[in-house]
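Some notes on the structure that comes next.
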Amino acid sequence: MKARLAFFLAGLAASCGPTPEPAPSFDTTLTTQQLMLHVIDPAAISLWDRAGEMETENGVVDLAPDTPEEWAAAEHEAAIVAEGGNLLIMPGRVRVIHGKDGKPDPKDGGDWTKFSLEMTKRALAVKEATAARDKDRMFETGGELYQACVACHEKYYVPFLEEGESPNPDAPK
């Protein structure tokens, strides 16, 4: 009897614990295209502009950061791109290719999420290279990030629309 009472009281005490918080709702007012245009693309393009070399009339110019401020900017840009991958898989942003019947195409295979996670992984590698002030590794990992972006865009890219233009009806939904 005492054992049952102790078990009952323990269960009662456990049920009186704090109520778990409901899952937060996310404000995804920005469309995927706006997220790319205003957040991910500017950071990625600036980051890639900071790596490698460029041949000019005056010779070869090293594009890698020189100053602590330039290295910090590159690291910030890599972090923005990394977090951009997370933003792309928030509820309401995951893209799925649909068939002509309007149903998700089973051949899609959840690649949007895979590509987004790969982008985050590759951008974090660039961030690590920039934190180490390693311009060769920054160039190498930046190229890997670029390839991850290209792979996704080959499957899901929808061009940005000008004011008044209609989207391509055959584009992935």
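Here are the numbers for this structure:
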read-out: Cleavage-rule hits (GluC sites (Glu not before Pro)) in segment 17-71: DSSP loop, at most 13 neighbouring Cβ within 10 angstrom; value: 57
read-out: Built amide H within the under 5 Å cut-off of residue 98, gap 5+; value: 105, 173
read-out: Per-residue HN-Hα couplings for segment 117-123 [Karplus 6.51, -1.76, 1.60; θ = phi - 60°; Hz; x = Gly/Pro]; value: 5, 5, 4, 4, 4, 5, 5
read-out: Cut-off under 5 Å, modelled amide H: who pairs with residue 53 long-range; value: 63
read-out: Packing-based exposure ordering (other Cβ within 10 Å, fewest first) of 139, 115; value: 139, 115
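No lab work stands behind these numbers, since they all come straight from the coordinates. The structure presented is a predicted model; accordingly, all values stated were derived computationally and were not measured. Reconstructed Cβ throughout: ideal geometry from the backbone, glycine too, with neighbour counts over all protein chains shown.
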